[in-house]
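Below is one structure, written out as structure tokens; the observations come after it.
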Amino acid sequence: DVVETQEHYKSRWRSIWIMYLTMFLSSVGFSIVIMSVWPYLQKIDPTADASFLGWIIASYSIGQMVASPLFGLWSNYRPRREPLVVSTAISVAANCLYAYVHVPHSHNKYYMLTARALVGFGAGNVAVVRSYIAGATSLTERTSAMANTSACQAVGFILGPVFQTCFTLIGEEGVTWELIHLQLNMYTAPVLFGALLGVINIILIFAIFREHRVDDMGRQCKSINSEGEENDALDQDTEGNVDHVAVVALNVLFFVILFVFAVFETIATPLTMDMYSWTRKEAVFYNGIILSVIGIESVAVFMVVKTLSKKTGERAILHGGLLIVLVGFFILLPWGKKLPNIQWQEIKNNSIPRTVPTEMLMPFWSLQELQLPSNHTAEPVGCPLTQSWCLNTPMVYLAQYLSSDVLIGLGYPVCNVMSYTLYSKILGPKPQGVYMGWLTASGSGARILGPVFVSQIYTHLGPRWAFSLICGVVVVSLLLLEIVYKRLIAFSVRYGRMQE
């Protein structure tokens, strides 16, 4: 005896689509500079090493982890438009700061660290987004809506580097606007574009977003955030306890999924610069093209997975996705005998050779004594001698790298969407704000530890150790999935209200 008006239905879904866009843009804010952070960091502050790169990338997720509960708490007592607008404005300001980190005369790497942490703080609005979508959808709509949210987030992570690739055409020097000390180049243009997207997002939130709340049956309810009154209507379908073992297991699996993809995005640029003697510009451009192809692949995967899951179920697809990711990282292990080219830093005829065959290397101690003159302009390429493993670890062939890219680009979106779908089904009609906060924390923690882990292990021990440990982590996650496999069922199925 309840019917939602057509006007209310359209307004509700317009608001949900604005939330999808907000989720997408927060992910783009993370990944749009992933490919260029390392070369830009080397350019503005030569004292920064690969270990500091890990902290810069992780700072985004640290900011998000801190901000998520704060914005979530804010949205419990005030209209959600407030934390959404404030958080997006913080991200816009932080992106503008990133565009100016080259201006100070010292400590530039710490300014970059601060800018990325503030961008992450602004991205803490994902907790507000998820709690709104959970409250603005009926039980039958919620699984699809949560899967779409996951898809928007995943597409943002993957397609961010596509925008970066387009901006490499500007070049490292680009154009300088002396009046406001702004350098518009391949490193700053992406964040300024991100700031523009943020401004557009704020305008859309003011113009289109409205507070809506429906119960599990889709009946319109008063929104706490706009009316200041709680709706005390309960539904008998909420009776029963959530399976917290399944909830914890999925949080762990989601952590692993985000962890391995954060590792993949972080290591791409340093790995290709070391293995294939690519310059900074080449590494950003080529990896951007590779991730663009992966982005197209992922969009196709999202379309196929929704249909395939109806036939095989989400659990089987999640299992298959993890297996694909495992194979992808296993392929990355160095198997051959050829060593990577070593950076050659001896000046001959006022030029620096791009690479020197490893069999022509001088003893390690004498190479360390070679120094570049202060007025050199050529960019040294190859595997740096500061990474001692370069002298004894076989290179990862380009065919290995490309094959791994394809497999990880296939497995990651499958796992991401299925984990969100299963999570929303397990929670059922229960309020999902706190639980989604846990999932946000899991993802943020993964994006903190992933870059730090891989930058430390890769820098000091090399790709063999780094990728072997990743394979071990994925194997453990597969064992966990096997243990809890039978518990990953929908809330209504668990209590016999509907059949699986």
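Quick notes on this structure:
- Residues that are modelled with pLDDT under 80 and β-branched (V, I, T) within the range 161-175 comprise just one, V162.
- Qualifying residue in the range 184-200 (condition: open to solvent by 60 Å² or more (accessible area, probe 1.4 Å), part of a strand (DSSP E or B) and modelled with pLDDT of 80 or more): yes
- Subset of the range 154-187 (residues that are in contact with a Phe, Trp or Tyr (Cβ under 8 Å, 6 or more places away or on another chain), within 20 Å of A268 (Cα to Cα) and not hydrophobic (A, V, I, L, M, F, W, C)): G156, G160, T165, T168, E172, Y187
- Restricting the first member to the range 165-177 and to residues that are more than 15 Å from I32 (Cβ to Cβ) and part of a strand (DSSP E or B), and the second to residues that are of a type in the set (A, V, I, L, M, F, W, C) and open to solvent by less than 40 Å² (accessible area, probe 1.4 Å), the beta-carbon pairs closer than 9 Å and six or more apart or on different chains are V175/L182; T176/L182.
- Residues in the range 66-89 that are of a type in the set (V, I, T) and modelled with pLDDT under 90: V66 only.
- Positions within the range 296-336 being assigned to a loop (DSSP other than H, G, I, E, B) and closer than 25 Å to P161 by Cα, in sequence order: L332, L333
- For the range 5-43, filtered to residues that are β-branched (V, I, T) and within 30 Å of H102 (Cα to Cα), the residue that is surrounded by the fewest Cβ atoms within 10 Å (Cβ to Cβ) is V37.
- Residue match in the range 218-237 (condition: part of a helix (DSSP H, G or I), modelled with pLDDT of 75 or more and surrounded by fewer than 18 Cβ atoms within 10 Å (Cβ to Cβ)): no
- Any hit, the range 390-401, residues being within 30 Å of Y420 (Cβ to Cβ) and modelled with pLDDT of 80 or more: yes
- Qualifying residue in the range 73-92 (condition: open to solvent by 30 Å² or more (accessible area, probe 1.4 Å), closer than 29 Å to V175 by Cα and more than 17 Å from the chain's Cα centre (by Cα)): yes
- Sole exception among (1) open to solvent by 40 Å² or more (accessible area, probe 1.4 Å); (2) modelled with pLDDT under 85 for D243, by number: (1)
- Tally of residues being in contact (Cβ under 8 Å) with a residue 24 or more places away in the chain and more than 23 Å from the chain's Cα centre (by Cα) across the range 316-332: 0
- For S106: the one exception among (1) modelled with pLDDT under 85; (2) among the polar types (S, T, N, Q); (3) touching a Gly at 6+ places or on another chain (Cβ under 6 Å): (3)
The values are calculated or read from the model by the stated rules, or taken from the named source; none is laboratory data. This one's a predicted model, so the numbers in the text were calculated from it and none came from an experiment. Neighbour counts run over all protein chains shown; Cβ positions are idealised from the backbone, glycine included. With ligands, DNA and RNA removed, areas are computed over all heavy atoms of the protein, side chains included. Shrake-Rupley method; radii C 1.70, N 1.55, O 1.52, S 1.80 Å.
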